Amino acid sequence: MNLQSHARRQFLGNVVSGLAGIGLLDLLGSPAANRGFAADLGNESAGGQVLPHHAAKAKRVLQIFCPGAASHMDLWEHKPMLEKMNGQPMPGEENLVSFQGKNGNLMQSPWPFKPSGQSGKAISTMLPHMATHVDDIAFIHSMHSKTNTHGPGCIFMNTGHDSEGFPGAGSWVSYALGSENENLPAYVAIPDIRGEPPNGKANWSNGFLPAKYQAITLSDQLPIRNLARPESIDAATDQDTRQFLQRMNRRFAASNPAESELQARVDAYSLAARMQLSAPEVSGLESESGETHRLYGTGDSNELKAAYARNCLLARRLLERGVRYVNLYCASRASGVDGLLNWDAHKTLKADYERHCPVFDQPTAALLTDLKRTGLLDDTLVLWTTEFGRMPTHQEGTVGRDHNPDGFTCWMMGAGVKGGVSYGATDEFGRRAEQNPTTVWDFYATVLHLLGYDHEKLTWYHNGLDRRLTDVHGNLIKAIVA
């Protein structure tokens, strides 16, 4: 055997393998790898955001979320047959067993519905302030979910997936649009004073997107921690230290372009430093007029209502200062007493909703009024969501309603939305989505469309798949687009 020839062939083979490895390393270190091989890299702008796929009608999103599965037939969708057949068995489902057990007979809403606005849309008399906005709202009465459990249901409504680890809708939007204000986060979650929703921070997680796309939590009762400069450090020293760190960070980033997690952490600290000046200003509600505070109800004797009203006012201030996506929560997690902390009215629906509706109604309506009178509604998309609906029957032995994933209501309002319309419907009792059944994926396909994006093209490569907010589903709801 010719050893010299063998060594030469082995050397050439190693060269080929080595060059392939070098090419792979170069690819992994490229900006494309740093961005997760997003499917539409060709649409990326120099600022990092993804350029729109078509003309946008909205620039930002306010998503109001009522955790606990707010009842569609007690708030938004009038069902005269429930009144006509109140106390009778539901035809075809006389022995229905649902999430918490056997159901009793049909139960009408404890409150009458009243036609409102020029459209004549009937909504519950428990929401007199919200009734003034029906002509601007597109109600989607045919939503349905793939889960009947609160934690997975909240995550599914917020991320398009019923398990943890996926980015929230706000993370996708902040990835796509970038920030309008370098001194404030692009995505803010405002939890209720009563606590976080079921499954907590997973509702606004960045998932597999870089860490900079997760939400910053901020509320009137929960200021950002560790924001103030320690008294022992003077302003000049603080500024010099920041400049030195910036130089070191830029040098490291230039030599390690694939270290996206570390760069996201650096960006977060830089944002925190800038927020030392911007956050106190944006959360300074005392600068608002007395008229505005009265409009929202921030001084109401109901402490829960006043706290939520202050969060509503904070949401408007964040939106007008360039925050792209605000998640505003009204109510929180489940508790040992059903319906105490959120809209989960298993046993005492009337008492529960007479506690929750006054908290929600005036402040939310005031926020919508304020967005409209300031012109923000022209390019702000407003969403109202909950994780699923409730049964038209009462739970056996109670005067409450059990979980119902088969039919519920969500709505949209604002930029690009056709107001004064009702799309889809549940059946005559409110049991199942019957006309134009609509999924969470359809809902977000429409949201992204109004923001200028094709939901099938806004993707992020993760674990061998081009992941997206709408999974592998979703159709535009054309009937509610203006």
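The values are calculated or read from the model by the stated rules, or taken from the named source; none is laboratory data. Nothing here was measured: the structure is a model prediction, and the numbers come from that model. Quick reminder, even Gly has a Cβ in these numbers, built from the backbone with ideal geometry, and neighbours come from all protein chains shown.
Some observations on this one:
- Qualifying residue in the range 213-227 (condition: over 30 Å from T380 (Cβ atoms) and not hydroxyl-bearing (S, T, Y)): yes
- Boolean, T125 is more than 24 Å from R467 (Cα to Cα), surrounded by fewer than 18 Cβ atoms within 10 Å (Cβ to Cβ) and in contact with a strand residue (DSSP E or B) (Cβ under 7 Å, 6 or more places away or on another chain): yes
To keep it simple, each residue is scored yes or no on (1) in contact with a Phe, Trp or Tyr (Cβ under 7 Å, 6 or more places away or on another chain); (2) of a type in the set (S, T, N, Q); (3) over 20 Å from A433 (Cβ atoms).
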site: I123; (1), (2), (3): yes, no, no
site: M130; (1), (2), (3): no, no, yes
site: M143; (1), (2), (3): yes, no, no
site: E164; (1), (2), (3): no, no, yes
site: G168; (1), (2), (3): yes, no, yes
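- Residue that is surrounded by fewer than 20 Cβ atoms within 10 Å (Cβ to Cβ) and not assigned by TED's automatic domain parsing to the domain that holds N183, where the choices are R373, R321, R355, R294: R294
- In summary, S124 fulfils each of the numbered conditions (1) farther than 25 Å from L476 by Cα; (2) without any contact (Cβ under 8 Å) to a residue 40 or more places away in the chain with the single exception of condition (2).
- Taken over the range 279-327, residues that are part of a helix (DSSP H, G or I), under 18 Å from A365 (Cβ atoms) and free of Cβ contacts under 8 Å to residues at least 12 places away in the same chain amount to 3.
- Checklist (1) at pLDDT 90 or above; (2) part of a helix (DSSP H, G or I) applied to G13, failing item: (1)
- Test: residue in the range 127-135 that is part of a loop (DSSP other than H, G, I, E, B), over 14 Å from the mean Cα position of the chain (by Cα) and charged (D, E, K, R): no
- Leading residue by the ranking (surrounded by the fewest Cβ atoms within 10 Å (Cβ to Cβ)) among those in the range 41-89 that are modelled with pLDDT under 95 and aliphatic (A, V, I, L, M): A46
- Pair list, Cβ under 6 Å, 6 or more apart: the range 150-172 residue within 13 Å of P197 (Cβ to Cβ), other residue of a type in the set (D, E) and buried (at least 24 other Cβ atoms within 10 Å of the Cβ): G153/E387; C154/E387; M157/E387
- Among (1) in a loop (DSSP other than H, G, I, E, B); (2) at pLDDT 85 or above - the single one I224 does not satisfy: (2)
- Filtering T438, T459 for residues that are over 30 Å from E93 (Cα atoms) and either without any contact (Cβ under 8 Å) to a residue 24 or more places away in the chain or buried (at least 19 other Cβ atoms within 10 Å of the Cβ) (or both) leaves a single hit, T459.
- Residues of the range 149-198 that are polar (S, T, N, Q), under 22 Å from L341 (Cβ atoms) and assigned to a loop (DSSP other than H, G, I, E, B): T149 alone.
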